[in-house]
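Chemist: Quick one: structure below, then a few questions.
The values are calculated or read from the model by the stated rules, or taken from the named source; none is laboratory data. Quick caveat, the model's predicted, so the values are computed rather than measured. When we count neighbours, we look across all protein chains shown, and the Cβ atoms used for this are built from the backbone with ideal geometry, even at glycine.
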Amino acid sequence: MSALQRGPLTLYLNALRLRCPACGGGPAFTSWLHMLPSCPTCGLRFDREIRGYWLGSYTINLMATEAIWVALCGAAVVATWPEPPWTALEFGSVALMIVVPFLIFPWTKTLYLAVDLTFRPAEEEDFTAPHEAGFQLPRRRS
């Protein structure tokens, strides 16, 4: 099965492994916060060249962070009922909202790419090597 015909389950499993959702090749990241421009195996561009593309991964990151907060805060309230430590929960919530987005960042990037590939399958032009315009110094007037 080619990378253009992967099923949704395969896309999401590859994404959870921090690999290219399309082919499973990788790695997709060179460091915790730096994703490669394209898959080293199949050449799929990870940024699909739509204005505001990564806004989707930020949204997934926000929703996942909030879900983790609800689960942990709810568990803490239930475990300490009838007198929850509200001050500790308040400061813990702030710390959680700062730390969790960084901890789940790579997964939210690859999962959003899998979501996008589910609804907008890759086409041949998505597999071309990415290119960046070179920096040019302004010309001096003589």
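Chemist: One residue is enough: does region 31-47 have a residue meeting the conditions of a type in the set (S, T, N, Q), assigned to a helix (DSSP H, G or I) and touching a Gly at 6+ places or on another chain (Cβ under 6 Å)?
Modeler: Checking region 31-47: not a single residue is of a type in the set (S, T, N, Q), assigned to a helix (DSSP H, G or I) and touching a Gly at 6+ places or on another chain (Cβ under 6 Å).
Chemist: For a quick check of your reading of the model, give me the residue pairs whose first member lies in region 42-62 and is farther than 17 Å from residue 21 by Cα, whose second is β-branched (Val, Ile, Thr) and not in a loop (DSSP other than H, G, I, E, B), with beta-carbon atoms closer than 6 Å and at least 6 apart or on different chains.
Modeler: Listed by first residue and then by second, the contacts come to 61/108.
Chemist: Further question on the same structure: Working only within region 41-59, note down all residues that are exposed (fewer than 14 other Cβ atoms within 10 Å of the Cβ) and at pLDDT below 90.
Modeler: 47, 49, 50, 51, 52
Chemist: Among the residues of region 92-119 satisfying the criterion of being farther than 30 Å from residue 39 by Cβ and surrounded by 11 or more Cβ atoms within 10 Å (Cβ to Cβ), which is farthest from the chain's Cα centre (by Cα)?
Modeler: Among those residues, the one meeting the criterion is 92.
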